[in-house]
């Protein structure tokens with residue numbers, strides 16, 4: 001006999017998110033919001049799960065303002081009574097649709113459910129139950145658009161007699177916030193590891209990876225017609241980055257890795273040979289970067305940033321990992337991302353590409 005038990009898998013590495021630009025704050029096909037690991041990317045800002053402060057915080061691209069997601073102007077943000085602290089502790093993922101934040105967590109009865117709150121963090125309430133656990137697999141994300149969210153799930157299988165973990169059941173689902181309806185997009189599979197991870201959309205196509213028992217393959221599925229396509233055949237796909245009609249994924253290349261760029265509009269594929277073990281990828285129509293990591297003779301982690309441009313690869317930065325800037329988004333001519341292992345920072349795009357490290361640390365405004 002066995003039963004399913006939900007367990008949240010959280011990996012300690014931070015990956016990158018798709019680049020966005022401002023487009024009037026309207027929901028767009030490419031996703032009104034995209035959550036991945038500790039950040040939610042939107043057209044006008046970043047919602048950031050800040051491990052330094054223990055709060056959920058919002059950074060506005062246009063104004064540069066940065067505030068905790070809390071409706072109380074006098075709050076010290078130091079207890080679970082604060083919505084920003086509560087969301088940091090309880091939200092598995094969160095995204096914005098219209099004038100509400102929607103998030104997933106445990107309700108008072110310890111049941112997995114969706115909740116929502118106002119944009120300032122007030123008026124928190126339950127939306128409906130969702131019996132599956134978020135996968136949280138490496139690089140996996142949750143997409144919010146058109147009144148729903150799409151995510152990969154991962155529920156562990158426990159043998160009742162011994163409480164032994166004997167596998168996982170995972171699928172891809174869409175949850176509709178207006179009706180509470182749960183729609184299965186990809187059939188559940190049972191392995192000793194999560195079978196799916198979601199990365200983005202292009203037009204009506206969902207971009208995701210699927211484990212087939214031998215390797216992880218990159219696929220797309222039309223959400224209207226249910227047609228499926230394989231984007232990379234017979235190769236183990238690693239990190240995946242989706243931006244508009246471009247997909248970049250890491251693939252094995254002897255002892256190192258390479259990057260495959262796929263144009264979803266034309267079907268064209270370009271293979272980029274990497275110089276080291278790739279840890280992060282930022283691949284847009286304007287800037288194409290990857291970051292490698294290694295250890296020096298003292299065991300300290302070092303990073304190298306490489307730029308791919310018109311067929312050439314050049315190193316533009318290197319240093320200790322605590323000074324590594326990992327871009328999340330390009331907004332106009334400004335890159336916003338994570339500096340080191342926790343804090344948000346900004347830098348001019350040209351300065352970054354010129355190898356400069358004149359970051360501006362993003363900090364909460366003081367009243």
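What follows draws every value from the coordinates through simple rules; no lab data is involved. Fair warning: this is a prediction, and the values are worked out from it, not measured in the lab. Positions of Cβ are backbone-derived with ideal geometry, glycine not excepted, and every protein chain shown enters the neighbour counts.
Just the Kirkwood number for region 284-336, please: inverse of mean 1/r across all distinct Cα pairs, in Å, one decimal. The answer is 12.3 Å.
Mean residue ellipticity, 222 nm, helices only, the chain: the sum of -39500 (n - 2.57) across DSSP H runs of n ≥ 4, divided by residue count and rounded to 500, is -1000 deg cm²/dmol.
Rg ratio for the chain: its Cα radius of gyration over 2.2 N^0.38 Å, N being its residue count, equals 0.97. Judged by the ratio a/c of the largest to the smallest principal axis of the C-alpha gyration tensor, region 99-203 counts as oblate, that ratio being 1.5 or greater while a/b is no larger than b/c. Inter-part distance, region 221-248 to region 276-307, computed on C-alpha centroids, equals 23 Å. Each of 232, 305 has some number of other Cβ atoms within 10 Å of its Cβ, and from fewest to most they run 232, 305. From least to most packed, judged by other beta carbons within 10 angstrom and beginning with the fewest, 260, 192, 357 follow the order 192, 357, 260. Based on C-alpha pairs under 8 angstrom that are at least 6 apart in sequence, the chain has a relative contact order of 12 percent. Calculated from the alpha-carbon coordinates, region 35-152 shows an Rg and a Dmax of 13.5, 40 Å respectively. Mean projected area of the Cα convex hull of region 205-309, taken over all directions, amounts to 7.8 nm².
Regarding region 143-240, what's the average projected area of the Cα-atom convex hull, expressed in nm²? Mean orientational projected area (region 143-240, Cα hull): 7.3 nm².
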